Amino acid sequence: MAFKKLKPVKVNVRSVELVIAVCVVVISLASLFVAFYQGRVMQKTLEANVWPALQVTTGNYNAERDQVEITFEMSNGGMGPAEVKSAVILYRGTLYDLNNAGNLGRLIVDCCAPGDSPQAKLENWRALNQGHLRLTTEGVVRRIFAPSETITIVNFSVPKPETYFSEDFRDEARFQDALTLWNTLNEERWNMSFSACYCSVFDQCWQADLTQAERQRVRHCPSSEPR
């Protein structure tokens, strides 16, 4: 039986090399895409794990100390630190820039100090501040809040009669002015809204209404220079 002789097949070496090169490029691009995608996912995961979330709450009773006192507290309910770049309080159409620490006291004078005129309010405020008024304030701008950290911005204990009345002296007018200040602030605190711009450790920034716990992303925060 005779066998037919097969002709040798000619292989184009250059074509094979080109196919191999294309495959290598495709595999490399796929690997690069996978690495880039994984990097993005990891970055997003890290950012989500360090998201800060600032909010402001107010109350008029301290259960731990069983003390009647007005408080405004700023806290970080997020998972990462927050750097406060700027903060303001809006009260009845007027903005009080907290980049200037003195504006918090000015707000309390404008809203709540007894008096029929701005000058009278200021004088009464100065007189009360030199007496037995138990009111403290704390700045928050250019401050870093750790996760779960809370700072009391305003703490104002209700005036007590024994502070103004003793065997040695009686200061009825000063006591009534202090009580008026406390009661007015207790009512007017609901007309105050806090907003701030703060950033995470990854320089992600938010402009937020801290009273309503609402926020939106911004590219950067405004200047925090005192004004």
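The values are calculated or read from the model by the stated rules, or taken from the named source; none is laboratory data. As the structure is a computational prediction, the values presented were derived from the model and not from experiment. No Cβ is skipped: glycine too gets one built from the backbone with ideal geometry, and neighbour counts run over all protein chains shown.
Structural remarks
- Restricting attention to the stretch 135-184, the residues that are within 27 Å of D116 (Cα to Cα), surrounded by fewer than 16 Cβ atoms within 10 Å (Cβ to Cβ) and not small (G, A, S) add up to 10.
- All positions within the stretch 186-203 that are surrounded by 14 or more Cβ atoms within 10 Å (Cβ to Cβ) and either of a type in the set (F, W, Y) or over 27 Å from A82 (Cβ atoms) (or both): N186, E188, F194, Y198
- Residues in the stretch 132-158 that are touching an Asp or Glu at 6+ places or on another chain (Cβ under 9 Å) and more than 25 Å from A208 (Cβ to Cβ): H132, R134, S157, V158.
- Residues of the stretch 153-172 include none that is hydrophobic (A, V, I, L, M, F, W, C) and in a helix (DSSP H, G or I).
- Scanning the stretch 51-93 for residues that are assigned to a strand (DSSP E or B) and more than 20 Å from D209 (Cβ to Cβ) gives N60, Y61, N62, Q67, V68, E69, I70.
- Boolean, D110 is more than 19 Å from R142 (Cα to Cα), at pLDDT 90 or above, among the acidic types (D, E) and touching a Ser or Thr at 6+ places or on another chain (Cβ under 9 Å): yes
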